[in-house]
Amino acid sequence: MGSEAFASFSVNGQAAKGTARLETDVLQLRGGDVRLSIRFNVMRNVRSADGVLHFDSPLGRVGLELGAAAPKWADQILHPPSRLAKIGVKPGWRVSVLGIRDQEFLDELDAATAVMSIGRTINGCDAIFFGANSASQLGRLLTLKKSLKSNGALWVVRPKGRPEISEAAVMAAGKAAGLVDVKVVRFSSTHTAEKFVIPIKDR
């Protein structure tokens, strides 16, 4: 999940109070009549001063009052963690990928891990990335779990905002498979990913 704060902010001179949320590559501002999503790659002159995050954007100059958190938010915008860093991928990992056609992700993962299997699971996986487009596919989680190391992770990657595979359905399927959910990350502009692990008592 991203960082979130209730804060005062101004956009091109328009002042408001509301929620500021920092995701992987976008800052969301919600308050009053303001509902904005500003991507990091269009921000210029990002800096913090006296507890305020400042930057220029296509919408004008933005100031966000964050107090002690302002330097951290500025650093995250200037040096955003990669997708694999958020997932926590390590060089020695053995991974399996099923149902994911994001070639950029596949190339990144292949370069960053020791062993990668696409289309079928291998035993002793540090991580399994399972792409699902409907709730009916989630029954596979119990079988996929058997290919994990005891401390491995099963990531369910699903399209955002699709009623045929809601967050509630994914969470329920993970629980039914004897897994616990521990993390959610923004996988891409169209997909989100939920991380499940085997409970410590069952390892």
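Things worth noting here:
- Neighbours by Cβ (under 6 Å, 6+ apart or cross-chain): first from segment 166-189, closer than 20 Å to LYS86 by Cβ; second acidic (Asp, Glu): VAL170/GLU194; MET171/ASP181; GLY174/ASP181; ASP181/GLU194; VAL184/GLU194; ARG186/GLU23
- Residue in segment 27-45 that is touching a His at 6+ places or on another chain (Cβ under 8 Å) and either surrounded by 14 or more Cβ atoms within 10 Å (Cβ to Cβ) or not assigned by TED's automatic domain parsing to the domain that holds LEU148 (or both) present: yes
- Those residues of segment 82-140 which are over 22 Å from ALA168 (Cα atoms) and in contact with a Pro (Cβ under 8 Å, 6 or more places away or on another chain), in sequence order: ALA112, THR113, ALA114
- Subset of segment 23-56 [without any contact (Cβ under 8 Å) to a residue 40 or more places away in the chain and among the polar types (S, T, N, Q)]: GLN28, SER37, ASN41, ASN45, SER48
- Contacts under 6 angstrom Cβ, first residue in segment 148-165 being under 21 Å from VAL197 (Cα atoms), partner modelled with pLDDT of 95 or more and surrounded by fewer than 16 Cβ atoms within 10 Å (Cβ to Cβ), 6 or more apart: LYS149/GLY124; ILE165/SER134
- Test: SER57 is of a type in the set (S, T, N, Q) and within 24 Å of ALA193 (Cα to Cα): no
- Here ASP107, ASP50 are screened, and the one residue that is at positive phi, modelled with pLDDT of 95 or more and surrounded by fewer than 12 Cβ atoms within 10 Å (Cβ to Cβ) is ASP50.
- Segments classed as strands (runs of 3 or more DSSP E), wholly inside segment 1-114, with at least 1 members that are closer than 30 Å to LEU141 by Cα and hydrophobic (A, V, I, L, M, F, W, C): 94-98
- Among the criteria (1) surrounded by fewer than 17 Cβ atoms within 10 Å (Cβ to Cβ); (2) in a helix (DSSP H, G or I), the one LEU138 does not fulfil is (1).
- Subset of segment 120-135 that is among the hydrophobic types (A, V, I, L, M, F, W, C) and under 16 Å from PRO163 (Cα atoms) - its residue that is surrounded by the fewest Cβ atoms within 10 Å (Cβ to Cβ): ALA135
The values are calculated or read from the model by the stated rules, or taken from the named source; none is laboratory data. Here the structure is a predicted model, which is why all the values come from computation and not from measurement. Don't worry about glycine lacking a Cβ; one is built from the backbone with ideal geometry, like all the others, and counts go over all protein chains shown.
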